[in-house]
Structure formats: structure tokens, C-alpha cells
Amino acid sequence: MVDEKVSKEWDEASESWTDFVRRGVDFYRNEMHGKAFFSLLGRVEGKRVLDLACGEGFNSRLLARRGASVVAVDFSEKMIRLAKQLELKEKLGIDYLVSDAADLKELSSNQFDIVSCFMALMDIKFYQEAIRSVARVLKDGGRFIFSIIHPCFEYGAVTVDGKKIGDWKYDEACDTWLYESSTYFENLTLRIDWNMERLLKPFVSSSFHRTLSDYSQALYKNKFLIQRLVEPKPTSRAISRYPGMRKHAAIPHSLIIEAIKEKG
Ligand SMILES: C[S@@+](CC[C@H](N)C(=O)[O-])C[C@H]1O[C@@H](n2cnc3c(N)ncnc32)[C@H](O)[C@@H]1O
């Protein structure tokens, strides 16, 4: 099931991604959706948690420091290598594994209280298989909490054949941001150009546009009940520090969903 092209992209991005999150310049995570995600997670002490598509382990470490017993997986070998290097320096007892979210074949069934997947499900090509695997490894009644770029308001990406999928416009007369898109109902493979100045070096990743109904259907098919849904907003402090976030006080950037695996 591994998509070699996509895993190679993340291998190539791993050094720059690691610098980005560890140097504290992932402002959106630090100021907006990271906080909202952990607030939805709540207390994790004593819980067995899978951090799915963990990257270099930023959230895995936060979860472990909060008392969770953490298994963390990513299909990029280089990301996992970088995560393990830090684990050697700060031993948190995190068990890092290279695994594809679409099968998680290294993990036995019904073992986790929580599966957490931060800003990655939209990057997972076989998301239906991934959701099925999450259902398999969760205990009955377990929680699947994931965040994604809000599928209704994606921007700054183009399809692999160069089509723009949506964009922001600032309306001076109304002093507000507007969003427009005409491709919402299409399933699209997107090319994301990570080229912000604060990156060590630019990189490219693939991402996959699906509708909210697609995600909800995949959850329903695997006996998940959506319990809570959060659309994080920037605080006024965040906007004053990072004015680019202002548009997300009007139109959401990301979406966090908590789904519960039904018993039986
Ligand atoms: C935007 S990064 C987020 C990383 C991490 N969750 C974090 O909070 O920093 C997306 C991650 O998804 C991983 N990924 C994408 N597709 C995957 C798959 N099929 N199986 C496992 N990991 C995958 C990538 O390797 C990358 O580390």
C-alpha cells in the first residue's frame, strides 16, 4: 500500500520539516491549531496513544510528557530516524515505528485508547484504508482525533496538472477576506509548495482533496461516531504577532474531528 512517491517526498522534506517544527517557527501549530488539538485531546495520562503520521515526533513527545504511553508511526524512514535521535537524548519511552497508515500491519488490534493524527490525514493517499486500520487498532469506545486542512477552504495549492483550487481575496471596500473555489466536489491530488522564508530549504509534498462527506462516510463505514468538531481560530495575540493569520479569524484554516469507535 505504500505510495513510494509520497513517502520519498517526506523523506526529502524531513530535514527542513524537522528544523521548521523544532525551531518554533510553525506559527500556526504553536498559536492556533496545536493548542486547539491538545485541548480536545484533554488528559492523556495513563492512556495508550498512537500518534499516526507522527513526522519527527513533535506531538508524540508532548503526549509522552503528559503521561501517555506512546507508539508513533510514520511511513517516512527519515522522519522516524530523526524522531529516534531525539528519543536517545530525551528518553520518553516512545516506541517509534516505520509503518504505512493504510495498513499498520506492525500493530495488533484493539490496543489503543486514543489514535491521534495531527495535520496528516489529508496527506495520506489511501485515507479510507487508514481509517479502517485506525478502527482496527483502537479499543471499543476508543477515540480517534485528527486534524486536517479545512477541506472547504484549501488555498495556496495547485493540482498536479497545474489547476488552482481555491484562493483568498481581500475585499478593501468591506475590509474583509473572501474565499473562492469551484472544485470542492472533485477528488484532487494537490501539489503543495512549501516555500516560506522561515524554512531551512523549500520542499514539495502531495496532498489529497476530499469533501467533508467523504471523510464522514469513511468514518461511518468503520463504525465511528463523530462526537466533536472544532474549527480553530487565532487569538488576537496571535493576529498581532502574525498578521497573516487575520484571515483565519474570518475563514477557518483547519478542522479537528473527534470520532468514537462504537462498541461491538
Ligand atoms: C504535515 S506532516 C505532519 C507530521 C506530524 N503529524 C506533526 O505534527 O508534525 C504529514 C506527515 O504525514 C506522513 N504521512 C503521509 N502519508 C502517510 C502514510 N500513508 N502513512 C504514514 N505516514 C504518512 C508524512 O511522512 C509526514 O510526516
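The values are calculated or read from the model by the stated rules, or taken from the named source; none is laboratory data. On a predicted model such as this, the values are computed, not experimentally measured, just so you know. Heads up, the Cβs are rebuilt from the backbone with ideal geometry, glycines too, and the neighbour counts pull from every protein chain shown.
What to note about this one:
- Here the condition is being closer than 24 Å to LEU138 by Cα and over 14 Å from the mean Cα position of the chain (by Cα); of ARG23, ARG48, it holds for ARG48 alone.
- Candidate set from the stretch 155-164 (those that are in contact with a strand residue (DSSP E or B) (Cβ under 6 Å, 6 or more places away or on another chain) and of a type outside the set (S, T, N, Q)); member that is modelled with the highest pLDDT: VAL158
- Residue match in the stretch 87-105 (condition: more than 23 Å from ASP11 (Cα to Cα) and among the basic types (Lys, Arg)): yes
- Condition met for THR176 (among the β-branched types (Val, Ile, Thr) and farther than 30 Å from LYS5 by Cα): yes
- Restricting attention to the stretch 108-154, the residues being within 18 Å of SER69 (Cα to Cα), part of a loop (DSSP other than H, G, I, E, B) and more than 12 Å from the ligand (Cβ to nearest atom) number 4.
- All of ALA120, ALA173, ALA157, ALA135 fail the test of being small (Gly, Ala, Ser) and within 12 Å of ALA53 (Cα to Cα), apart from ALA120.
- If only residues of the stretch 73-99 that are near the ligand (Cβ under 9 Å from one of its atoms) and under 25 Å from LEU40 (Cα atoms) are counted, the one that is surrounded by the most Cβ atoms within 10 Å (Cβ to Cβ) is ASP74.
- Answer from VAL21, VAL49, VAL25, VAL6 - the residue that is closer than 28 Å to GLU197 by Cβ, of a type outside the set (Phe, Trp, Tyr) and more than 11 Å from the ligand (Cβ to nearest atom): VAL25
- Complete set of residues in the stretch 63-97 that are within 27 Å of LYS125 (Cβ to Cβ) and in a loop (DSSP other than H, G, I, E, B): PHE75, SER76, ILE94
- Residues of the stretch 194-221 that are free of Cβ contacts under 8 Å to residues at least 24 places away in the same chain and among the charged types (D, E, K, R): GLU197 alone.
- On the stretch given as the stretch 155-169, residues that are free of Cβ contacts under 8 Å to residues at least 12 places away in the same chain and in a strand (DSSP E or B) total 2.
- Taking the criterion of being part of a helix (DSSP H, G or I) and either touching a Ser or Thr at 6+ places or on another chain (Cβ under 6 Å) or free of Cβ contacts under 8 Å to residues at least 60 places away in the same chain (or both), the residues of the stretch 20-38 that qualify are VAL21, ARG22, ASN30, HIS33, PHE37, PHE38.
- Screening SER16, SER39, SER60, SER69 for residues that are among the hydroxyl-bearing types (Ser, Thr, Tyr), away from the ligand (no atom under 11 Å from the Cβ) and within 23 Å of ILE257 (Cβ to Cβ) leaves exactly one candidate, SER39.
- Annotation: of all residues in the stretch 111-147 being in contact with a Lys or Arg (Cβ under 8 Å, 6 or more places away or on another chain) and among the small types (Gly, Ala, Ser), the one that is surrounded by the fewest Cβ atoms within 10 Å (Cβ to Cβ) is GLY141.
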